[in-house]
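The values are calculated or read from the model by the stated rules, or taken from the named source; none is laboratory data. Since this is a predicted model, take the numbers as computed values, not measurements. We place every Cβ from the backbone using ideal geometry, glycine too, and count neighbours over all the protein chains shown. Just so you know, the surface numbers come from the protein's heavy atoms only, side chains and all, with ligands and any DNA or RNA stripped out. Shrake-Rupley method; radii C 1.70, N 1.55, O 1.52, S 1.80 Å.
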Amino acid sequence: MQLSMKWLADYTDVSDITIKDYCDRMTMSGSKVEGYEEIGTDISGVVCGKILEISRHPNAERLVICKVDVGIDAPIQVITAATNVFEGAVVPVARDGAHLPGDVKIKKGKLRGEVSEGMFCSIAELGLSLNDMPGAIEDGILILNHVGLDDIPLGADMVEALGLRDTVVEFEITSNRPDCLSVLGLARESAVTFGKELSIATPKHEYTSADGDDISNYLNVKITDTEHCYRYSSRVVKNVKIAPSPLWLRMKLRSSGVRPINNIVDITNYVMLEYGQPMHAFDYRCLDGASINVRKAEDGEKFISLDSIPHDLDSTMLVIADSKKAVALAGVMGGENSEITDETATVVFESATFHPGNVRVTAKKLGMRTESSARFEKGLDCENTMPALDRACELVELLGAGEVVSGTIDVYPTRKEKATLPLDADVINNFLGVNLTQEYMAETLRKLDFEVSDDLGTVTVPFFRDDVRCMNDLAEEIIRMYGYNEIQSTLSNSASPTVGARTERQSFDVRLHDMLVGMGFNEIETFSFVSPSYYDKIRLAADDIRRKCVVISNPLGEDTSVMRTTALPSMLKVLADNYSVKNRDMLLFENAKVYLPTSENELPNEPARLTLGFTSADDKVGFYRMKGYIEAILGIAGIANAAFKSCKTEPAFHPGRCAEIFVGDVSLGVFGEAHPETADNYGIGCKVYLAELALDAIYDARRVEIRYTAIPKHPAIERDFSFVCDETVEAGSVAAVIKAANKLVANVELFDIYRGPQIGEGKKSMSYAVMLRGEDKTLTDTEADEAVAAILGALETELGVKLR
């Protein structure tokens with residue numbers, strides 16, 4: 001919003017405030033200033049002059065010598081090549097030492113031997129356009145006689161005479177304050193901010209035609225779509241005289257960034273800027289059926305806007321229509337089929353309010369963001385339509401632009417009600433941390449046009465402040481006018497400060513990350529979106545539950561069409577990419593989410609998965625190397641009782657080189673060598689070792705308390721055993737039975753596995769070192785023998801294992 005300080009002065013006097021102080025204080029009171037521009041300051045030394053005599057230049061055929069009266073004792077001499085000058089012409093004269101836009105300096109000098117003491121100015125040399133000065137010519141001198149300005153005193157400063165000098169402040173108005181998209185709104189804010197008087201005259205409301213004519217003879221209005229049109233007010237002006245607007249009005253529009261066109265159109269733009277209410281003027285001749293209907297457009301309906309651009313409308317758009325056609329897009333732009341022309345004799349003024357969302361969607365669909373739509377999008381006050389309409393008709397009479405017909409059409413289906421709020425100084429003071437009186441708060445709100453009851457306990461919110469709906473909003477109004485910089489710094493007494501820290505889970509993840517990096521792993525991050533074909537590559541069966549995925553409704557492509565239920569394909573893809581460029585000594589890990597569907601209308605579960613992966617050419621140690629990494633991970637969690645059990649059901653893994661990890665009956669994950677077909681599917685020509693761990697389960701199984709035990713004081717007894725068992729018996733199962741058989745077992749360690757003809761087919765021999773220790777004494781041979789007997793009995797009973 002561009003605010004002319006000259007225009008602002010019509011309503012409140014802030015002339016004693018410097019422009020910088022004005023901008024700073026307006027920003028602090030809630031009306032943010034983006035910047036300001038002082039216009040007209042680049043022109044000086046240009047005065048009004050009258051050409052008294054013209055003669056030919058003796059030494060140049062195309063030049064003439066002019067004697068010019070510029071309001072001083074003697075005429076000055078100006079040489080020009082302009083062809084539109086004549087004796088008696090009143091023109092702007094840049095005298096010796098004058099400055100013009102573009103850093104042009106005028107100096108006295110000689111042209112072909114004759115002295116020239118200045119220069120006549122065109123509209124371009126004064127920074128003006130044909131719209132600013134209708135009646136002027138673009139490629140000639142500005143003849144003030146031709147633009148109705150021949151009454152300017154000779155010698156007068158042309159910058160002041162033409163109203164070119166002004167200061168324009170640009171405000172960034174937030175979407176909750178559409179009332180400040182107007183000169184009156186910013187005048188109200190300025191007056192309260194600086195403690196000045198606000199003077200706003202109420203425009204004339206009643207108009208009576210001398211011949212008894214009435215608007216009912218011209219027009220009827222119907223709102224078909226009351227959901228998107230809240231109010232529609234209209235008046236008719238007859239005997240219209242289309243002409244340029246007066247200079248003062250054109251210059252106010254120019255300062256506000258609006259191009260002057262003609263008196264009727266300029267009046268609607270002037271009222272929009274002054275009151276913040278966009279208006280439109282229709283040529284009455286173009287309204288078929290003498291009617292206006294505010295309705296939805298039809299799908300495919302054709303419409304040509306004022307800028308001569310054709311549009312195809314749809315049924316979501318609101319239009320102003322006559323009995324046959326759309327004549328305007330509601331809140332956006334009028335139609336070419338009803339625009340004001342020089343032949344217009346009767347005008348229909350429209351002042352209405354529309355649904356802000358509908359205006360925004362229409363403007364965006366058609367690429368037609370306008371000054372009007374920018375205001376309607378923010379939601380305008382329904383009660384402002386009539387004052388704006390009154391002001392437009394007042395200007396019509398003031399400019400002699402036509403005769404206002406008696407009567408008004410005002411269709412207002414659902415009248416707006418004012419909101420009321422309680423005013424409690426104690427509550428607001430406690431909320432703001434200040435100590436203001438109830439009287440001060442009431443007076444501040446009254447200056448902002450709020451109504452306060454006699455007992456100061458109730459506030460009635462004005463119609464134009466839809467953003468004020470609770471105590472917090474009232475508090476904001478009060479404190480922004482009191483001054484944010486006036487709030488004293490105090491210690492908070494409403495809440496205890498907290499110290500920022502990681503959660504226990506975050507700390508666990510960080511420790512785990514640091515340990516893996518310390519062991520040489522590199523962290524990867526992959527997309528959660530994958531292709532369904534990834535599950536084929538890891539050999540999942542057609543009925544495997546992991547193929548049931550969350551499907552993306554608008555995927556970028558097939559490769560990112562579902563959300564993964566396992567992170568193994570992502571790890572294999574990264575390993576394959578590195579293998580293809582000969583990066584084959586890679587240790588990779590990823591802490592990622594997988595997405596497990598629940599029911600159709602619920603969000604999926606998102607458990608965390610820790611995935612490890614590396615490639616290896618060594619057949620013998622890869623599995624145990626991965627097992628060592630996992631034991632380190634379990635060590636971080638303090639899990640000492642994990643069991644590793646053979647797993648042959650995971651299709652992505654080698655059936656004989658895969659293990660599942662358990663704590664009790666809870667699975668913590670699976671690891672092992674990738675199935676050869678899985679590796680081939682990814683183009684990896686060596687052994688691949690993978691692990692997918694249920695990180696949430698590991699965290700839940702962690703050792704929360706760490707208990708320290710003293711170093712044993714008593715010596716241990718070691719016994720070595722060699723057992724014969726079936727090939728299907730796992731070494732871990734044997735160790736677990738040994739540990740559980742007797743409380744004296746302190747440690748069990750497998751140190752040899754033997755297969756041979758002496759053992760028998762389908763059999764193997766496993767040798768264990770078993771350490772026995774008493775906590776409170778040195779064991780005797782008898783006690784040790786009893787423990788050994790218990791161990792052997794348990795092994796034979798539970799696993800069918802016998803001593804070799």
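Looking only at the range 463-473, how many residues end up being assigned to a loop (DSSP other than H, G, I, E, B) and open to solvent by less than 60 Å² (accessible area, probe 1.4 Å)?
Residues meeting the conditions: 6.
Can you pull out every residue in the range 122-161 that is assigned to a loop (DSSP other than H, G, I, E, B), closer than 12 Å to VAL47 by Cα and open to solvent by 40 Å² or more (accessible area, probe 1.4 Å)?
PRO153, LEU154, listed by residue number.
Taking ILE524 and the conditions (1) closer than 30 Å to ASN578 by Cβ; (2) exposed (fewer than 10 other Cβ atoms within 10 Å of the Cβ), which numbered condition does it fall short on, given that it satisfies the others?
(2)
Can you pull out the residues in the range 433-456 that are assigned to a loop (DSSP other than H, G, I, E, B) and out of contact with any strand residue (DSSP E or B) (no Cβ under 9 Å at 6 or more places or on another chain)?
Answer for the range 433-456, where residues must be assigned to a loop (DSSP other than H, G, I, E, B) and out of contact with any strand residue (DSSP E or B) (no Cβ under 9 Å at 6 or more places or on another chain): GLY433, VAL434, ASN435, LEU436, THR437, LEU448, ASP449, ASP454, ASP455, LEU456.
Quick one: in the range 177-198, which of the residues that are part of a loop (DSSP other than H, G, I, E, B) and at negative phi is surrounded by the fewest Cβ atoms within 10 Å (Cβ to Cβ)?
GLU197
Determine whether the range 335-346 contains at least one residue that is under 31 Å from the mean Cα position of the chain (by Cα), surrounded by fewer than 23 Cβ atoms within 10 Å (Cβ to Cβ), in contact (Cβ under 8 Å) with a residue 24 or more places away in the chain and in a loop (DSSP other than H, G, I, E, B).
no
Quick one: count up the residues across the range 517-558 that are in a loop (DSSP other than H, G, I, E, B) and within 16 Å of PRO597 (Cα to Cα).
Looking only at that region, the number is 8.
For the range 295-310, enumerate the residues that are open to solvent by 60 Å² or more (accessible area, probe 1.4 Å) and part of a loop (DSSP other than H, G, I, E, B).
Hits for the range 295-310 are GLU298, ASP299, LEU306, ASP307, SER308, ILE309.
What strands (runs of 3 or more DSSP E), lying completely within the range 561-675, carry at least 1 residues that are open to solvent by less than 30 Å² (accessible area, probe 1.4 Å) and in contact (Cβ under 8 Å) with a residue 60 or more places away in the chain?
By residue number, 587-593, 608-616, 666-674.
What are the pairs, 6+ residues apart or on separate chains, where a residue within the range 474-492 that is under 23 Å from PRO422 (Cα atoms) has its Cβ under 6 Å from a residue that is among the hydrophobic types (A, V, I, L, M, F, W, C) and in a helix (DSSP H, G or I)?
Sorted first by the residue in the range 474-492, then by its partner, the pairs are ALA475/ILE428; ALA475/PHE431; ALA475/LEU432; ILE478/MET441; ILE479/LEU432; MET481/VAL192.
Across the range 417-431, what is the number of residues that are within 18 Å of ARG469 (Cβ to Cβ) and open to solvent by less than 50 Å² (accessible area, probe 1.4 Å)?
Total satisfying the criteria: 4.
Taking the range 70-95 as the region of interest, how many residues are under 60 Å from the mean Cα position of the chain (by Cα), in a strand (DSSP E or B) and within 19 Å of ASP157 (Cβ to Cβ)?
7
Which count do you get for residues in the range 770-786 that are among the hydrophobic types (A, V, I, L, M, F, W, C) and either in a loop (DSSP other than H, G, I, E, B) or open to solvent by 90 Å² or more (accessible area, probe 1.4 Å) (or both)?
The total comes to 1.
Which ones in the range 448-462 are open to solvent by 30 Å² or more (accessible area, probe 1.4 Å) and closer than 18 Å to LEU186 by Cβ?
Residue satisfying the conditions is ASP449 alone.
So MET368 fits all but one of (1) buried (at least 19 other Cβ atoms within 10 Å of the Cβ); (2) touching a strand residue (DSSP E or B) at 6+ places or on another chain (Cβ under 8 Å); (3) over 21 Å from ILE223 (Cα atoms); what number is the exception?
Only one criterion is unmet by MET368, namely (1).
For the range 382-408, which positions are open to solvent by 10 Å² or more (accessible area, probe 1.4 Å), in contact with a Gly (Cβ under 8 Å, 6 or more places away or on another chain) and farther than 12 Å from HIS205 by Cα?
Correct list: ASN384 only.
On the basis of being open to solvent by 30 Å² or more (accessible area, probe 1.4 Å), hydroxyl-bearing (Ser, Thr, Tyr) and either touching a residue at least 12 places away in the same chain (Cβ under 8 Å) or outside any helix (DSSP H, G or I) (or both), does THR202 make the cut?
Considered against the rule, which asks whether it is open to solvent by 30 Å² or more (accessible area, probe 1.4 Å), hydroxyl-bearing (Ser, Thr, Tyr) and either touching a residue at least 12 places away in the same chain (Cβ under 8 Å) or outside any helix (DSSP H, G or I) (or both), THR202 comes out as yes.
Of everything in the range 50-69, what is closer than 25 Å to PRO153 by Cβ and open to solvent by less than 20 Å² (accessible area, probe 1.4 Å)? Give them in sequence order.
If the condition is that a residue be closer than 25 Å to PRO153 by Cβ and open to solvent by less than 20 Å² (accessible area, probe 1.4 Å), then ILE51, ILE65, CYS66, VAL68 are the ones that fit.
Counting just the residues of the range 398-434 that are among the acidic types (Asp, Glu) and touching a residue at least 40 places away in the same chain (Cβ under 8 Å), which one comes out farthest from CYS382 (Cα to Cα)?
Among them, the one singled out is ASP424.
Return the residues of the range 731-768 that are aliphatic (A, V, I, L, M), in contact with a strand residue (DSSP E or B) (Cβ under 6 Å, 6 or more places away or on another chain), under 18 Å from THR797 (Cβ atoms) and outside any strand (DSSP E or B); say none if nothing qualifies.
ALA735, ILE738
Tell me which of these GLU170 doesn't satisfy, since it passes every other one: (1) outside any loop (DSSP other than H, G, I, E, B); (2) farther than 30 Å from PRO462 by Cβ; (3) open to solvent by 50 Å² or more (accessible area, probe 1.4 Å).
(2)
Here's the yes/no breakdown for (1) of a type in the set (Val, Ile, Thr); (2) over 21 Å from ALA659 (Cα atoms):
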site	(1), (2)
THR728	yes, no
VAL734	yes, no
VAL737	yes, no
ARG755	no, yes
MET766	no, no
LYS777	no, yes
ASP785	no, yes
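Here are the criteria: (1) in contact (Cβ under 8 Å) with a residue 24 or more places away in the chain; (2) in contact with a helix residue (DSSP H, G or I) (Cβ under 9 Å, 6 or more places away or on another chain). Tell me which single one GLU87 does not satisfy.
(2)
Exactly one of these conditions fails for ILE711: (1) assigned to a loop (DSSP other than H, G, I, E, B); (2) open to solvent by less than 70 Å² (accessible area, probe 1.4 Å). Give me its number.
(2) is the only condition that ILE711 fails.
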